[in-house]
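No lab work stands behind these numbers, since they all come straight from the coordinates. Every value quoted in this text rests on a predicted model; they were computed, and no experiment measured them. Every residue, glycine among them, receives a Cβ derived from its backbone with ideal geometry; neighbour counts consider all protein chains shown.
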Amino acid sequence: MERPIRLRTVAVLSIVFTYFFFIEYLPPFSRVHVPYDLEGYHFSLVDFAFQSLREGRFPEWDWAQYSGISFVGNTQAALFYPPMWLVLAANVGRKSLSYQSLQSMVFAHVWLAFFLCYRWLRYKRLGELASAMGAGVFAYSGYMLLQLQHFGLVAGCAWMPLGLWGIDQTIEERRWQPLWKVVAASALCFLAGYPPTWFVFAVCMVSYAAWRWKAAAGTILALGASLAIAMIQILPTLEALSLKAPEIKYGSGIRALDFYISYLVPNYFNFGLHVPAGTNPGREYLYLGAPAIFGLLCLARRRGWRDVMPLLAMGGVTAVVVTNPFGLVWQIVRHSTLLVQICRDWYFLAGLTLAVAPLAAMGLDHCLRQSRRPRGNWLACLAIALLAGWSVRELIVGLPGRPGFPSGWGSAVEAAIALGLFALAIYVLPTQRGALRTCLAAVLLLTVGVDYKVFGTCKRFNAVSGRVDFKASSFNGMDDAVYRQLSSHPEFRVAMDQTGPFPGEIRLQGLRTPQGFDPLLTAPYTKLMGELGRFTSDREIDIDSANQPALRQLGVRYFITSEGGPQYPRLLKDPRFRLVEPSQSYYKVFELKDARPSYGWLAEDGTRSVRRLAWTPEFRAFVVRSDTGGQFALAEQFFPGWRVTLDGAPANVERWSDAFQAVRAPAGEHRIEFRFHSTGVRVGALVSLAAVLGLCLATLWPGRLNRST
């Protein structure tokens with residue numbers, strides 16, 4: 001009889017395997033890093049939180065983009081996600097956040113996805129090898145690896161198996177207490193930072209539990225309780241969304257056949273690390289691997305479908321949302337402002353993988369439990385040799401500088417050989433005993449891991465050559481002396497053309513810009529910037545350097561471009577700008593000679609003066625003097641949560657240019673303070689604390705569901 005593997009052993013081995021899986025990303029072997037959104041967007045958000053806490057401030061307001069937006073309301077900052085606190089704690093004593101720490105947290109969630117899925121499948125009484133294979137399909141196959149650059153998606157998906165485990169345990173034990181797993185998984189999925197992934201989670205949980213109406217009702221209540229726990233994030237987000245124009249993001253459904261071929265063929269679309277970025281636009285890497293394909297084939301021969309139906313229901317519902325047949329889903333979601341923003345066809349691909357993984361594990365478990373006549377050791381040795389040889393060959397072909405794997409239908413040969421070797425090993429494994437069986441199982445797992453690794457890591461969608469090493473005192477591509485000059489004038493903003501730095505790097509470097517790239521773009525600011533500039537996408541803004549009144553209104557003093565930039569020739573000739581020296585670096589910085597800071601009197605008549613006392617994201621204080629009085633403006637976006645005091649007494653905040661804020665001050669000298677405090681985060685914290693305490697009490701309270709559950 002096979003001896004069971006201890007949980008501690010599984011945890012240690014899976015951590016070691018995950019390290020091997022991402023070894024190119026981790027020290028001391030680092031030669032690539034996760035690029036795109038993790039580097040350009042998520043990292044700057046986490047670093048902003050880190051810098052704020054390091055300065056003794058709780059980060060509520062992000063003044064770096066769009067002339068200021070809510071930071072606590074930005075779910076993608078994952079400010080209230082407990083694992084993110086570990087990233088912040090790991091950097092205590094540093095001047096800036098380590099990118100490696102955030103990258104490693106992404107990989108830790110890939111391991112967590114594997115481990116929780118393995119534990120759930122073991123609870124379903126599947127064999128250890130089948131459970132490990134199924135968990136590998138969920139954690140290491142195409143969809144998860146495609147999302148390494150999106151922290152919120154990977155972190156949110158990692159908790160999904162815990163919710164399904166709680167539903168199974170509730171049904172089997174006829175107790176409602178195990179639903180705490182659904183509550184915890186749902187809250188953590190939401191707090192991880194990407195609400196559309198949470199919506200996928202919610203739909204998957206309800207469709208999975210729908211076969212037992214009491215379990216379904218309990219699951220819905222658990223999802224509601226989880227939102228109470230997440231209220232510390234939800235309420236400030238609702239504040240931020242109150243001024244945001246709704247974005248319709250659902251899509252029309254994914255029906256292209258070649259899109260689904262990539263589930264079966266690993267390199268159908270060539271995503272080699274050195275393949276030009278414009279190759280295969282709109283295509284994705286979704287390879288499920290040999291365990292999934294073979295397991296699903298074996299599932300067709302399995303008797304008893306009662307335990308399979310919930311998984312088929314979950315997979316069927318997600319498939320409908322992904323494909324949107326006859327426009328059915330769109331006809332439902334278009335009537336809800338909330339649903340059109342959080343229900344998106346593409347993200348429901350996570351639900352398909354979540355359904356396929358356990359179905360494949362069930363098929364593999366059925367195959368491995370079949371009794372077969374003992375075979376000679378030679379067949380097992382042959383399988384081990386073939387598997388090991390194939391793994392070595394894949395690793396060598398995948399090395400940098402090698403020709404790489406064939407693409408298109410040529411890649412189907414790779415998949416077919418891997419599937420054939422996998423089938424041979426699965427056929428031979430039940431006929432073996434002792435050390436040879438253990439060795440064959442270990443080599444089989446490693447072969448599957450190598451297959452996922454060579455096609456899923458070090459690819460253009462999730463890897464760029466070299467390590468990331470951000471330095472707090474320098475700006476990549478800009479002379480240090482120029483960067484110090486920009487940093488010494490925090491009351492002014494910088495603008496860029498298309499060749500300038502990404503807005504996330506502006507935040508990372510402690511600068512401010514009226515431009516940006518963030519989903520919290522408000523309707524009033526959109527209208528204003530449509531008048532002062534030009535939108536090149538739904539989030540990106542192009543500002544004309546020749547529009548001097550707009551630059552002064554936005555508090556812009558510096559314009560960043562490059563020699564290849566469209567505005568560089570004009571800036572060189574414009575007498576109102578001067579080129580900041582030294583100018584030998586890639587970025588060329590021009591200074592507007594008569595710039596206006598992002599605050600000041602709106603009228604220029606009479607005798608007026610301003611003295612700045614405090615200047616932090618959440619607090620601005622000034623001493624102002626005027627012989628006639630008038631409006632004093634702060635070119636910072638008006639948001640719920642901003643309060644103004646005049647000489648210590650509350651004052652009325654007025655709209656300036658609809659998007660900014662101003663206050664009327666009488667003649668004489670006065671102290672004006674602008675302070676941002678999110679009411680939502682404070683009320684939400686109380687609700688979340690009460691919900692957590694309630695959950696703890698509820699899980700300890702005795703109670704049972706009746707047998708009809």
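Magnitude of the charge dipole for segment 420-487, about its Cα centre and with charges confined to Cβ atoms of Lys, Arg (+1) and Asp, Glu (-1), is about 260 debye. Under the classification rounded if a/c is under 1.5, otherwise prolate if a/b is larger than b/c and oblate if not, where does the chain fall, given a ≥ b ≥ c as square roots of the Cα gyration tensor eigenvalues? Since a/c reaches 1.5 and a/b is larger than b/c, the shape of the chain is classed as prolate. Would you please give the FRET efficiency between Y123 and A698, computed as 1/(1 + (r/R0)^6) with r the Cβ-Cβ distance and R0 = 25 Å, to the nearest 0.05? Once rounded, the FRET efficiency stands at 0.75. Applying 1/(1 + (r/R0)^6) with R0 = 30 Å to the Cβ-Cβ distance of R31 and L86 gives a FRET efficiency near 0.75.
Summing +1 for each Lys or Arg and -1 for each Asp or Glu, what net charge is found among the other residues whose Cβ lies under 13 Å from the Cβ of R578? It works out to a net charge of +1. Extension gain for V683 to A256 (0.36 nm times residue separation, less C-alpha to C-alpha distance): 149.1 nm. Whole-Hz Karplus values for segment 87-100 come out as 4, 5, 5, 5, 9, 4, x, 8, 7, 9, 5, 7, 5, 4 Hz, taken residue by residue from phi with 6.51 cos²θ - 1.76 cosθ + 1.60 and θ = phi - 60°; glycine and proline positions read x. Taking a Cβ cut-off of under 12 Å around A651, the surrounding Lys, Arg, Asp and Glu residues balance to a net charge of +1, with basic ones at +1 and acidic ones at -1. Computed over the chain, relative contact order equals 17 percent, with contacts defined as Cα pairs under 8 Å that lie 6+ residues apart. Which residue, chosen from V610, N652, H677, occupies the Cα position most advanced towards the positive end of the dipole of segment 603-677, where the dipole is computed from +1 (Lys, Arg) and -1 (Asp, Glu) charges on Cβ about the Cα centre? About the Cα centre, the residue reaching furthest to the positive side is H677.
Under 1.5 on a/c is rounded, so check that first for segment 419-475, then, if it is not, pick prolate when a/b is larger than b/c and oblate when it is not; a ≥ b ≥ c are the square roots of the alpha carbon gyration tensor eigenvalues. Because a/c hits 1.5 or more and a/b exceeds b/c, segment 419-475 counts as prolate.
Dipole magnitude for the chain: about 2500 debye, using +1 per Lys or Arg Cβ and -1 per Asp or Glu Cβ, origin at the Cα centre.
Subtracting the Cα-Cα distance of A11 and A621 from 0.36 nm times their residue separation leaves 214.3 nm of extension gain.
Here segment 362-388 is scanned for amide nitrogen atoms under 15 Å from the site 7 Å beyond the Cα of R433 along Cα-to-Cβ, giving 371-377.
Placing unit charges on the Cβ atoms of the charged side chains and taking the dipole of the chain about its Cα centre, the candidate lying farthest along the positive direction among L354, Y99, A77 is L354. Spin-label model, A667/A210: points 7 Å from Cα along the beta carbon direction are separated by 7.3 nm.
Taking 0.36 nm per residue of separation and subtracting the Cα-Cα distance, full extension of the segment from V464 to W346 would add 40.1 nm. When each of the peptides 408-418, 161-171 is scored by how many other beta carbons lie within 10 Å of its residues on average, the order from highest to lowest is 161-171, 408-418. With the cut-off at 1.5 for a/c, could you classify segment 377-455 from its C-alpha gyration tensor as rounded, prolate or oblate? Cα axes put segment 377-455 in the prolate bin. Extending 7 Å from the Cα toward the beta-carbon at both R612 and Q485 defines two label points whose distance is 1.8 nm. In this structure, the amide hydrogen of R175, modeled 1.01 Å from its nitrogen in the peptide plane, lies closer than 5 angstrom to those of L705, counting only residues at least 5 positions away or on a different chain.
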